[in-house]
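The values are calculated or read from the model by the stated rules, or taken from the named source; none is laboratory data. Everything numeric in this text was worked out from a predicted model, so none of it was measured. All Cβ positions, even for glycine, are placed from backbone atoms using ideal geometry, and neighbour counts span all protein chains on display. Surface accessibility is based on the protein's heavy atoms, side chains included, excluding ligands, DNA and RNA. Shrake-Rupley method; radii C 1.70, N 1.55, O 1.52, S 1.80 Å.
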Amino acid sequence: MNGTLLLHRNFPSRYIRPRNVNIWLPPGYADDADTRYPVIYMHDGQNLFDPATANIGVDWGMDAALSGLIRGAEITGVIVVGIWCTAERAREYMPAKAFNTQEGRLAREGFIERQGGEPLSEEYLRFVTGELKPEIDARYRTAPDREHTYMIGSSRGGLISLYALCEHPETFTGAGCLSTHWPAGDGAVLTYLSAALPRAGSHKFYFDHGTETLDALYEAYQLQVDRMMRQAGYVEGQDWVTRRFLGEEHSERAWRKRVQIPLKFLLS
């Protein structure tokens, strides 16, 4: 393990069920009591650092990826907060306001039937912004301002990452969305996103997808999102990036291979 990995078991919340939260502190954190660090909030935290807790026995290798980038002076030190998912993952990660659109109202009943209830993303983000972040900022040497606070996730975790940036642009400066699960809600997120994007020039978005397994569904949606980004004034390569990875699947194996790309883009 590079750096220091801590585990807060059953972190409590008034809004959602308790869950484990990992904290990764970068190498050298204990050596300088004055240094404050950017923070990345990440979803599916059980998959980030330890193959023993990862869904398929392969983790993202976040400690190795970050430590390598820090050693190479490609990014500065950073703290990672890995929020474990629960059995309500699909409900917590589904952007609730997508169902306020015309397309979304038609898809809402199907979502409720499949997932067993309404989206819980508003409650989940209240937990992250109103309960978890204040505790992390109080307990660790963070740079708590918007300019140093990020969110990254994959699949449905990509959806909640972009939703967090759209709904809380005063809290987050960048979102990394790997293999974003655009078909959720029958694609209603795209209509939501077209009206909800923050003003261009002050935030960063990273999107990507592979071409195999579940990722094979995503390219048509992503091309629509790319058009939205251009129309909203986002400059490709500067404050927005989309990458396509030929032959890559929808799994932690694939995200492990490329996570350094969004890290470098968002944190540079």
Exposure rank, largest accessible area first [Asp186, Asp32; 1.4 Å]: Asp186, Asp32
Can you tell me the relative contact order of the chain? Whole percent, Cα pairs under 8 Å, sequence separation 6 or more. 18
If I take R0 = 30 Å and measure r between the Cβ atoms of Leu7 and Thr76 in this structure, what FRET efficiency does the formula 1/(1 + (r/R0)^6) give, to the nearest 0.05? 0.75
Spin-label model distance (nm) - Glu109 vs Tyr15, 7 Å beyond Cα toward Cβ: 3.0
Please work out the average accessible area per residue across the chain, using the 1.4 Å probe convention, and give it in Å². 41
Expressed in square angstrom to the nearest 10, the accessible area of Thr86 with a 1.4 Å probe stands at 20
For Asp226 and Lys264, extending 7 Å from Cα along the Cα-Cβ vector and measuring point to point gives, in nm, a value of 2.0
Net charge near Phe172, counting Lys/Arg +1 and Asp/Glu -1 over other residues with Cβ under 13 Å of its Cβ? -1
Reported to the nearest 10 Å², His250 has, with a 1.4 Å probe, an accessible area equal to 40
Dipole of region 86-194, positive direction: furthest Cα of Ala164, Pro95, Thr180, with charges on the beta-carbon: Thr180
Residues whose modelled amide H sits under 5 Å from the amide H of Arg19, counting only those 5 or more places away in sequence or on another chain, are Asn10, Phe11
Heavy-atom accessible surface of region 47-146: percent carbon and sulfur, 1.4 Å: 48
Placing unit charges on C-beta atoms (Lys and Arg positive, Asp and Glu negative, everything else neutral), compute the dipole magnitude of region 107-201 about its Cα centre in debye, rounded to 20. 260
In region 1-122, with Lys and Arg counted as +1 and Asp and Glu as -1 at Cβ, which of these residues, Val39, Pro12, Ile23, has the Cα nearest the positive end of the dipole, that is, farthest along it? Pro12
Hey, what number do you get for the chain at 222 nm if only DSSP H runs of n ≥ 4 count, each worth -39500 (n - 2.57), divided across all residues, to the nearest 500? -9500 deg cm²/dmol
Read-out Rg/Rh (Cα atoms, Kirkwood Rh), candidates [x] 1.17; [y] 0.94; [z] 1.07; calculated match is [y]
Per residue, how big is the convex hull of region 1-94 when only Cα atoms are used? Give it in Å³. 120
How big is the accessible area of Glu167 in square angstrom, nearest 10, if you roll a 1.4 angstrom probe over the protein chains? 50
Cβ-defined net charge surrounding Thr211, 12 Å radius [Lys, Arg +1; Asp, Glu -1]: -4
Can you check what the net charge comes to around Glu74, using other residues whose Cβ is under 15 Å from the Cβ of Glu74 (Lys, Arg +1; Asp, Glu -1)? +3
